[in-house]
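Below: the structure, in structure tokens.
The values are calculated or read from the model by the stated rules, or taken from the named source; none is laboratory data. Predicted, not measured: the structure shown is a model, and the values here were computed from it. Note that we place each Cβ from the backbone using ideal geometry, even for glycine, and neighbour counts take in every protein chain shown.
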């Protein structure tokens, strides 16, 4: 697809994917796989998050969504969908 | 956070120093400088650091600065995470009602033990008999009850094996290195000559030991993973071994039998797929509870974490607790002290990946271990039952008598 830019020149840019959801953006800082992530993506098995990074993931989510998460509920969250529900961003 | 105190002490007050964080900070503060001879926690939120009277003003200022930084680094990212208690058992109140230091003094006076150096003791026949009776029971636990086969490992381990195991990155403060004189005849002769003349050990600069490539093992299970490195396991396996283990704790912190530099550990190490390891850990937990009952001990088995070094403490501790990867058997002594004398550890596939140990399907093995500190078990046993064998549980006395007969 050829896009016409504001100055009238043409460029061969591909259409940009929609920005990854905020949860994906936070998780991406710790994952070995780039976003976007499927709702069912397992944080450890599929995305390669190491257990020692989990506390920092918890802090990062709390900072991004300006909330305080329950430790036990966070520990039980193992997928992107679980995390999204936890921070109140259903997807 | 503040620091104050007299010339020979430093006081650090910070609310977070209550509980677990204070305990870890108390252990690590010993590494803030050679002048630190004692660390006390008289009240929650307060650390009192005693300095050698010969400590210079500059050294004192450096220790104070480093302890404040240590506490700040430990507290950064620290997030309490209460864990579950697997079981609790209450027996009679501790017979002696004294802590590790006073109990050690009593044992030394009674001829049960003799201090040979920091964290190193020689033991008399009664302490040895008690340790062997406990270990005989542990061998039955490992062999007859869990099905482990007996192994023996050397009292040396390659530093590279500890590196692969992640020990050097998690517990650098505890590593004990082994070295030897350089392979140069002139250096060895200088060393010999200097020591033949001197009235005590001397180390001439020109005979400085080689950079170490071996260590003394801090746990038995690392030997097992070293042994399995690069192999493929067709089925789950369970082994048990006893060995001398070494964890350096700073000279000022090794004052009694509760905190030894070198000690005896019996471990049961299980490797295989996840269901096999989970089942082995569950069976080990049941056997541990049965052991506590048989020894008639007051005890609590609860979630715990290892004393990771400063900058990895918060993340690794939290991950260990969140995954409930460590359950610790804590035994009360007296004076409000408890001693961690055994632990059940879940490694998941960490050592399988680190040592390239695979299952037949190519996946890294899962592993776990149950470890027992023999001197600590004996010390807590004595704290709770006293030194008079007539008050001890019958099974322990019978085992000691059996061993004594066998030795005649």
For this session: Go through the residues of the range B:129-138 one by one and say whether even a single one is modelled with pLDDT of 95 or more, touching a strand residue (DSSP E or B) at 6+ places or on another chain (Cβ under 8 Å) and on the phi > 0 side of the Ramachandran plot.
Result: no
Exercise. When you look at residue B:303, is it within 14 Å of another protein chain (Cβ to nearest Cβ) and in contact (Cβ under 8 Å) with a residue 60 or more places away in the chain, yes or no?
Worked result: yes
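Let's see how each residue does on (1) within 27 Å of the chain's Cα centre (by Cα); (2) more than 25 Å from residue B:168 (Cα to Cα):
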site	(1), (2)
B:181	no, no
B:185	no, yes
B:199	no, yes
B:206	no, yes
B:239	yes, no
B:243	yes, no
B:251	yes, no
B:264	yes, no
For this session: Hey, can you tell me all the residues within the range B:71-92 that are in contact with a strand residue (DSSP E or B) (Cβ under 9 Å, 6 or more places away or on another chain) and away from chain A (no Cβ under 14 Å)?
Result: B:71, B:85, B:86, B:87, B:88, B:89, B:90, B:91
Problem set entry | the range A:57-89, residues that are within 14 Å of another protein chain (Cβ to nearest Cβ) and not in a helix (DSSP H, G or I) | A:68, A:69, A:70, A:77, A:78
Exercise. Taking the range A:42-56, which residues are in contact with a strand residue (DSSP E or B) (Cβ under 9 Å, 6 or more places away or on another chain) and away from chain B (no Cβ under 12 Å)?
Worked result: A:42, A:43, A:46
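Residue-by-condition table, conditions (1) under 30 Å from residue B:339 (Cα atoms); (2) surrounded by 15 or more Cβ atoms within 10 Å (Cβ to Cβ); (3) in contact with a helix residue (DSSP H, G or I) (Cβ under 6 Å, 6 or more places away or on another chain):
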position	(1), (2), (3)
B:206	no, no, yes
B:211	no, no, no
B:223	yes, yes, no
B:231	no, no, no
Exercise. Just checking, how many residues over the range B:306-325 are part of a helix (DSSP H, G or I) and within 14 Å of chain A (Cβ to nearest Cβ)?
Worked result: 12
For this session: Go through (1) within 21 Å of residue B:174 (Cα to Cα); (2) in contact (Cβ under 8 Å) with a residue 40 or more places away in the chain; (3) surrounded by fewer than 17 Cβ atoms within 10 Å (Cβ to Cβ) and name the single condition residue B:28 misses.
Result: (3)
For this session: Answer yes or no: is there a residue in the range B:108-117 that is buried (at least 16 other Cβ atoms within 10 Å of the Cβ) and over 21 Å from the mean Cα position of the chain (by Cα).
Result: yes
For this session: Being away from chain A (no Cβ under 14 Å) and at pLDDT below 95 is the filter here, so list the residues in the range B:339-358 that pass it.
Result: none
For this session: Report, by residue number, each residue of the range A:20-38 that is assigned to a loop (DSSP other than H, G, I, E, B), in contact (Cβ under 8 Å) with a residue 40 or more places away in the chain and surrounded by 15 or more Cβ atoms within 10 Å (Cβ to Cβ).
Result: A:21, A:37
For this session: Would you be able to tell me the number of residues in the range B:306-325 that are in contact with a strand residue (DSSP E or B) (Cβ under 9 Å, 6 or more places away or on another chain) and surrounded by fewer than 20 Cβ atoms within 10 Å (Cβ to Cβ)?
Result: 3
Problem set entry | Checklist (1) at pLDDT below 95; (2) within 14 Å of chain A (Cβ to nearest Cβ) applied to residue B:364, failing item | (1)
Seminar exercise, completed: Sole miss for residue B:333 among (1) surrounded by 22 or more Cβ atoms within 10 Å (Cβ to Cβ); (2) within 14 Å of chain A (Cβ to nearest Cβ); (3) more than 19 Å from residue B:370 (Cα to Cα) is condition (2)
